[in-house]
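Below is one structure, written out as structure tokens; the observations come after it.
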């Protein structure tokens, strides 16, 4: 609320590092032009990043008639970041260098019966151990681990307040993880992780206002507003999946009726398929991934049931996204998460048409609707970005000594 | 997007003036404590406001053991601001001093047949002339006129792009007004005017994230996010009235089906009444104001049809506001505009219960739902605030010479 010069300094530090990651090697002059910041501000921020060894000096370029300009680039080997995507049916873990290139990945299945926090934490610990071993790096070089868990999360305390799929209430997830993982930990949820990934590296780069629609088992909207992540007053903004689209409609797993998620989440789509054709070969009972993959193949093969299921889903999805366009008036709506990735371009094409039918002309004219262009798991990438932001944040803290402690493990990294 | 120190300086200038208006007389030290800004920054901003004669030095207070502290206060007579609320059924105009106290007001009825821009402009010109005459002030002291018109507005060009009630498309409203009004003009819509009024003077004072729900003939949501007004990329954010709440439901005047406005706007409520009891004495065909007033009296008198109509309306309204709570996770939801004011506390009480049934527990726990506490027309007050912001903005422009021109009339104020 009370925006301080410190907030803007943090935002500017992110902006400069984003730009360096996107266009290494680059000069301070180019960075000033790209970010709109003054050359003096850029020079200060570049100096901080050099001190942190997140970037390095990599030589000079001639500038016509002037002094040669110093070039900087991401110091890819200056540290490693780990992103953890805990989903309802899997745990994905990726290890990145500081250029956010994937150096190693690991995946564990979460089976339908495995709903205890300890079981999920076990999968995370195994996969984190695996990526560190695969990458062959020293533990001391891991700057942090970002962890995304579905549902409502209290970042400051590291508590998973409510995870609907496993009916978790107030699970001290960060504390449980700390018993297995000795790096700084940052907890948040997939809506915010995927929004941050699009903002730093995807379709919302350079966008002030963007909505990242997550279509998976759960459904929600990550919000980039005014150039930053909108978290809301208790870090629970973006629960678009529980918007009422059909008053007194289908029962949702949240216990209410007619929510968007009950129609466009993976199990909502399965229910639509079952209603269309109870013995459809597309249906793999108890297996969301296999069903959505079969649906995607069916759509590409022009299977009539698959096409009808897609169209019925988009009837709800299009109306729901039109509501987001009317409310936020964003530059871009990004379709993300595994259901959107599986259904791909046929989904986006239908969604564009449906949104255009429902949205008001003025906000519609200003909005692009695209698939996430991030080739890997956007939630892993976003979670790793939270760890990167955490590492950048701690600079600010040492310099200004005036913020609350971030959510991180209380044990030191191993030496 | 590229936030600059200029943006933050403007936001801080607003914050300091807001604080001075709220707590005149006050000292620079108190302002620094209240805003979280440094004393040096406050001193600079106070200096600018003194130069503008928007505030004055009003003496000293003793500070225990230190030097006496200089006190400043709003220079109420330093200028006048005019706010114009063009609504579907009326034009309200209020003239304010710089403390935002009402010095004069005028009202004109807009009759159902009067849908031409020239007719509406005529009402505005007459009412503006009336308030200036009533207040007996010199024209040169009017710093600006903020004008709110329903629908989609392009502030930069002063064009009413779409006003559904009169089916206006691309009406050059500011140009038409300039023929009659020689003060600087600022055009926007009632969603944004009422949001700014709550942010400066109402229930969202000090709130980073607030949603101002406007319930009138039209319905929408003014958004205060991260402490500032969220406009979206083409100034059309907040069109919550055209959120689909009942897929394939009632026809809305926007041409689509099942919009929130079709159930909770004034004519939606009239339709609900008619469906409940076609010959109800509460119904005043063709007169929304009389009908809503009769409904409000009926609710207070425990009339069964009135109570049922309220409950049916709140069924939709509660679900729709719950969606806003889930999406934005705001500190406060403010119910504003004339339908909310007429129905008053009985409405808010029912809405609170309905929202609690629909919203997710975590965002719900963080949100207050209140009636607008602004005793006068919040849209006039907000429109006048746009004129005040415009006057403050022009300081910044003279100093930094680097912004787009604001939407204002091209004629100079009269001497």
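Bear in mind that the values in this text are calculations on the coordinates, not laboratory data. Only a predicted model underlies this, so the values are computations on that prediction, with no experimental measurement involved. We place every Cβ from the backbone using ideal geometry, glycine too, and count neighbours over all the protein chains shown.
Values as computed for the structure displayed
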| item | result |
| --- | --- |
| For residue B:276, inter-copy label distances in nm, listed shortest first [label point 7 Å out on the Cα-Cβ vector] | 4.1 |
| For the range B:229-285, the spread of Cα positions along each principal axis, largest first, Å | 46, 25, 15 |
| Estimated translational D of the range B:25-157 in µm²/s (Stokes, Kirkwood radius over Cα pairs; 37 °C; 0.692 mPa s) | 188 |
| With Cα atoms, 0 to 90° folded angle of helix A:117-135 axis to chain A main axis | 50 |
| Taking B:97, B:7, A:188 and counting other C-beta atoms within 10 Å, the order from fewest to most | B:7, B:97, A:188 |
| Overall dimensions of the protein assembly as shown by Cα: Rg and Dmax, Å | 27.9, 86 |
| Pairwise Cα inverse-distance average, inverted: Kirkwood Rh of chain A (Å) | 22.3 |
| Principal-axis tilt of helix A:190-201 within chain A, Cα atoms, nearest 10 degrees | 50 |
| Descending semi-axes in Å of the range A:173-235, equivalent ellipsoid built from Cα gyration tensor | 25, 13, 12 |
| The range A:263-351 - Debye-derived log10 I(q)/I(0), Cα point model, q = 0.16, 0.18 Å⁻¹ | -0.60, -0.74 |
| Candidates B:65, B:344, B:301, ranked by Gaussian network fluctuation over chain B, Cα under 10 Å, top entry | B:65 |
| Gyration tensor (Cα) of the range A:194-316, equivalent ellipsoid semi-axes in angstrom | 30, 18, 11 |
| Longest to shortest principal axis, alpha-carbon extents of the range A:5-74, angstrom | 37, 23, 19 |
| Label point 7 Å beyond Cα along the C-beta direction, distances from residue A:373 to other copies (nm, shortest first) | 4.8 |
| Calculated [θ] (222 nm, deg cm²/dmol) that DSSP helices of n ≥ 4 give over chain B, each run adding -39,500 (n - 2.57) | -14000 deg cm²/dmol |
| Neighbour-count ranking [beta-carbon atoms within 10 angstrom, fewest first] of A:239, B:15, B:345 | B:345, B:15, A:239 |
| At 7 Å out from Cα toward Cβ: residue B:115 inter-copy label distances (nm, ascending) | 5.6 |
